[in-house]
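The structure under discussion appears below in the form of structure tokens.
The values are calculated or read from the model by the stated rules, or taken from the named source; none is laboratory data. Remember, predicted model here, so these are calculated numbers, not experimental data. Reconstructed Cβ throughout: ideal geometry from the backbone, glycine too, with neighbour counts over all protein chains shown. Side chains included, ligands, DNA and RNA excluded: accessible areas come from the protein's heavy atoms. Shrake-Rupley method; radii C 1.70, N 1.55, O 1.52, S 1.80 Å.
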Amino acid sequence: MGASDLRVTVDGPKLRCVLDPALVLGHACGLKLALGLTRVFETWLPRSFWQVLDASDLLNADGLPQSGLHPLALSDWTALRDGTDAGSWTLRWVGDNLAESQLRSGSDDSLVDRFEWHAEALLGRQPPQPAGARWCRSFDALAGAHDALALSAALDGALILCRATDAFGPPGPARVLSGFSLPLRQLPDGDGASLLAAERAFVRQAIAAAGLAALLQSVQHACVVHALTLPPSGDASNDDSQDPWQHSDAWWYRL
């Protein structure tokens, strides 16, 4: 065997990336973007993604232009779900229970419980909703962002890839946190010294290395959000009787 015939592959841990449903279901190339990101990130889908996809016919009863869901994205995702065995997916997700989740290696079985804990506590912070909520009539991007935040926190502050509606306002997950008066800080565009600034540069380079620069450029106002929760001082265990968001911090920045 010659030297040119020898190949060495080193698999290292990838940065965890949670995809906001509003991004991958609301853009024509949402599926292509999600699958492409698995080349450079450990890519996760929150549970609300599947809830929206399963209810897409009902959510779009009033017409696609108002729903926030893109017909091509829905068609692509539905075809992949119906034509591909879940075990062969490169994406990971949290479902209603461990059996309905795709955690793959590298994730512990307690992730589903941690996700449920964070999701329920976050929903408990919102005012009571009337029966027959908006969720049954149209896609609520902010409600979809709840699960993305809960999954980010359950994954120890994993980044959420999302987008803002314009060049001035924050993205959906950040708006959820602000609405609940939870701590949230934006990384200034000119900040080049912080660790988040280093991460932003790394994320940009990883996206370019995956050949997704042009595709993500078409996703206007792409952003990253991190949601991190910490145990109370002196207590390193998760007590599910407590609200994990009482000791939380969050950051966001524009890509």
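Of the residues making up segment 31-51, not one is free of Cβ contacts under 8 Å to residues at least 40 places away in the same chain and not in a helix (DSSP H, G or I).
Results for (1) over 18 Å from Leu25 (Cα atoms); (2) at pLDDT 80 or above; (3) in a loop (DSSP other than H, G, I, E, B), shown as yes or no for each residue.
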| residue | (1), (2), (3) |
| --- | --- |
| Gly95 | no, yes, yes |
| Trp117 | yes, yes, no |
| Glu120 | yes, yes, no |
| Trp135 | no, no, no |
| Leu142 | no, yes, no |
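Taken over segment 144-171, the criterion of being open to solvent by 40 Å² or more (accessible area, probe 1.4 Å), under 21 Å from Leu69 (Cβ atoms) and in contact with a strand residue (DSSP E or B) (Cβ under 9 Å, 6 or more places away or on another chain) is satisfied by Arg163 alone.
Just checking, does segment 207-214 include any residue being open to solvent by 20 Å² or more (accessible area, probe 1.4 Å), in contact with a helix residue (DSSP H, G or I) (Cβ under 7 Å, 6 or more places away or on another chain) and part of a helix (DSSP H, G or I)? Within segment 207-214, one or more residues are open to solvent by 20 Å² or more (accessible area, probe 1.4 Å), in contact with a helix residue (DSSP H, G or I) (Cβ under 7 Å, 6 or more places away or on another chain) and part of a helix (DSSP H, G or I). In segment 172-198, the residues that are surrounded by 11 or more Cβ atoms within 10 Å (Cβ to Cβ) form Cβ pairs under 6 Å with partners that are part of a loop (DSSP other than H, G, I, E, B) and basic (Lys, Arg), at six or more places apart or across chains, as follows: Phe180/Arg125.
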